[in-house]
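The values are calculated or read from the model by the stated rules, or taken from the named source; none is laboratory data. What you see is a predicted model; the values in this text were computed from it and never measured. Neighbour counts run over all protein chains shown; Cβ positions are idealised from the backbone, glycine included.
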Amino acid sequence: MSVASERKGPAPRRAGRAATVGYSKRSRLDKLGVKPGMRVALMGLTEAAFQHELRTRTEDVSVGRPRKDTDMVLFEVNGPAALARLATLRGTIKRNGSIWVLWPKGQAHIKEDTIRSAAIARGLVDVKVIAFSETLSGLKLVIPLARR
């Protein structure tokens, strides 16, 4: 029997490696698609540990308000009313940019379908869903190819 097959429990965490969430072995930044040098905006996402994690990959991070030609917006919402801002956020991203909508898991008042419907009404489509953290799910929205 090999050493690898004898090991029980999760693999030990290596120094300098970003934490993973859920069943995936990929880092959260890799699941989000954050590349070095990307322009990223954080809207409502105040988790200090994530901001630090993000800045290890890119220094071009704005908090509170996205700048023009942003590659990626991470937008935390707690209810459907906040989704009205998707139209404005769509205007701040690059043609091939993305908006990640993050919402609390297990809430009856906001679900993946709520976000998807709001996105479609504002000219966006969803392409990916992830477990962002133990308490938040994420849905990736983009401008459809036909409109880029």
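Against the test of being at pLDDT 95 or above and surrounded by fewer than 14 Cβ atoms within 10 Å (Cβ to Cβ), the options 46, 88 yield a single qualifying residue, 88.
Can you find even one residue in the range 71-80 that is at pLDDT 95 or above and surrounded by fewer than 12 Cβ atoms within 10 Å (Cβ to Cβ)? Looking through the range 71-80, none of the residues is at pLDDT 95 or above and surrounded by fewer than 12 Cβ atoms within 10 Å (Cβ to Cβ).
When residue 124 is tested against (1) closer than 16 Å to residue 78 by Cα; (2) in contact (Cβ under 8 Å) with a residue 12 or more places away in the chain, exactly one condition is not met: (1). Within the range 98-125, restricting attention to residues that are more than 18 Å from residue 70 (Cα to Cα) and part of a strand (DSSP E or B), the residue that is nearest to the chain's Cα centre (by Cα) is 103. Condition check for residue 108 on (1) surrounded by fewer than 17 Cβ atoms within 10 Å (Cβ to Cβ); (2) farther than 19 Å from residue 47 by Cα; (3) modelled with pLDDT of 95 or more: one failure, at (3). Within the range 19-43, restricting attention to residues that are assigned to a loop (DSSP other than H, G, I, E, B), modelled with pLDDT of 95 or more and not aliphatic (A, V, I, L, M), the residue that is nearest to the chain's Cα centre (by Cα) is 33.
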